[in-house]
Amino acid sequence: MNKKIDFYVDVVDNFWDLGFAINLIFIMLKNDSKLEIRLFSNDEKLYKNMVQNNIFYKNIVYFDLKEIHKFEPNNLIFNFFDRKIDFEFLKTKKYEIKLINFSYFLMHKWVEDLHLTNYRDKNIEITHFVPSLLKNTGWVLINRELNIYSKNDFILLLKDKYNLNIDINIETKFVSVFVYFDTLNELLDSFDDNKVTYFIFWYPNIQIESKNVVVMPFLELKDYNNFLSICDINFVRGENSLISSILSWKPTLWDIYKEKNNAHIEKIDDFINFLKLFKSFNVFYSELFIKFNSLWQKKDAFNDFFNCYNLYENMFSDLWKYVNNNCDAYAKIKKILN
């Protein structure tokens with residue numbers, strides 16, 4: 001594999017665009033610590049928050065996305081989420097360039113035809129890579145660098161590493177809540193169960209008057225993934241958090257990004273159709289999932305899911321087995337590169 005790789009990541013309105021790229025970098029560096037990554041993006045603060053003191057930090061050099069043309073491109077480029085590629089610039093180079101063009105996570109059946117579509121434009125070879133849970137696609141990132149924490153150990157980590165001054169009863173249920181802002185606004189008066197500790201990500205300026213709520217600091221990516229595994233229930237937003245929660249083997253409700261053209265409605269249907277492939281599929285879960293992603297029913301879905309999440313544990317167990325055993329995107333990426 002080429003030891004020097006350029007990553008091009010345009011963070012538009014979803015910081016998990018960068019999170020996916022960084023997660024992939026960590027997976028690749030764990031397999032080959034000699035890789036050198038140049039990361040071109042447009043949110044350096046977000047980058048530093050996600051990486052923090054990770055042991056692979058030294059292998060990554062961050063540059064502003066606007067500075068791409070100041071550098072000779074490496075022979076291998078990862079371009080994230082169908083960002084517009086400056087082919088005229090790349091074609092001025094007198095050497096071969098291999099470019100992997102990553103699409104957003106999709107569950108439409110037709111993406112199986114798009115994945116691995118390959119073409120050449122002069123000196124540039126372009127390959128489309130589509131992350132998905134469907135069989136003939138690029139699959140998803142599985143970061144096996146998770147640590148096994150107890151609730152008590154992780155609370156100590158939050159105090160020592162993040163200076164979080166908290167006093168938490170570890171006998172309560174732990175519920176992580178990382179949802180879009182409009183969803184959170186609907187849920188604000190739902191955090192009143194004294195037998196639960198709700199961990200809210202990442203709204204440091206939000207005011208929630210409840211002793212049961214901890215407003216979390218921005219956790220390093222690995223720490224966030226580990227945190228999901230110690231929670232009893234996870235409410236997540238974004239595809240990357242969804243996969244991390246599935247890999248934590250915990251009941252999960254996914255807050256899908258609401259698109260202006262209503263394309264997210266098709267995503268809801270696609271995900272439900274995928275879940276129907278499992279014998280443990282529960283039709284009541286699909287009803288909650290639809291309500292949680294609709295207008296004015298988020299609160300009811302949140303409370304209903306919390307009250308009966310144990311009914312869906314078998315389905316999420318089967319989902320974990322499927323993803324963990326069959327859906328390693330890095331294995332497919334290596335095949336392309338080799």
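Readers should treat all values here as calculations from the given coordinates under stated rules, not as data from a laboratory. Since this is a predicted model, take the numbers as computed values, not measurements. Neighbour counts run over all protein chains shown; Cβ positions are idealised from the backbone, glycine included.
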- [ ] Normalising by the residue count of the chain, find the relative contact order in percent from Cα pairs under 8 Å and 6+ residues apart.
- [x] 15
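As an exercise, identify the trypsin sites (Lys or Arg not before Pro) in segment 85-139 lying in DSSP coil whose Cβ has no more than 15 other Cβ atoms within 10 Å. Before the final figure, lay out each step's value.
Numbers: sites: LYS91, LYS93, LYS94, LYS98, LYS109, ARG120, LYS122, LYS135; in loops: LYS91, LYS93, LYS94, LYS109, LYS122, LYS135.
Filter output for segment 85-139: LYS91, LYS93, LYS94, LYS109, LYS122, LYS135.
Contact order normalised by length for segment 4-138, with contacts defined as Cα pairs under 8 Å and 6 or more residues apart; what percent is it?
Once divided by the residue count of segment 4-138, the mean separation gives 21 percent.
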Open item on the list: Against the empirical 2.2 N^0.38 Å scaling, what ratio does the C-alpha Rg of segment 187-338 come to?
Closed with: 1.11
TODO: Pull out the extension gain between LYS4 and ASN53, defined as 0.36 nm times the separation in residues minus the alpha carbon to alpha carbon distance; nm, one decimal.
DONE: 15.5 nm
Open item on the list: Rg over Rh of segment 65-111, using C-alpha atoms and the Kirkwood radius, what does it come to?
Closed with: 1.05
Open item on the list: List the aspartates and glutamates whose Cα sits under 16 Å from the Cα of LYS299, skipping any in the same chain fewer than 8 residues away.
Closed with: ASP182, GLU186, ASP189, ASP192, ASP193, ASP255, GLU287
Task: Cα centroid separation - segment 232-256 against segment 269-338, whole Å - done: 8
TODO: Post the alpha-carbon centroid distance, segment 76-142 to segment 13-37, in whole angstrom.
DONE: 16
TODO: Report the GluC sites (Glu not before Pro) located in segment 203-252 that are in a DSSP loop and have at most 11 other Cβ atoms inside 10 Å of their Cβ, or state none.
DONE: GLU209
Open item on the list: Helix-only mean residue ellipticity at 222 nm, the chain, DSSP H runs n ≥ 4 weighted -39,500 (n - 2.57), per residue, nearest 500. What is it?
Closed with: -11000 deg cm²/dmol
Task: Low-density loop positions, chymotrypsin sites (Phe, Trp or Tyr not before Pro), segment 242-334 - DSSP coil, at most 13 other Cβ in 10 Å - done: TRP296
Task: Whole-number percent relative contact order across segment 151-325, with pairs defined as alpha carbons under 8 Å at least 6 apart - done: 19
Task: Per residue Cα convex hull volume in Å³ - calculated over segment 4-138 - done: 117
Open item on the list: For a quick check, take a GNM of the chain with Cα springs below 10 Å and name the residue from LEU106, LEU295, LEU319 with the largest mean-square fluctuation.
Closed with: LEU295
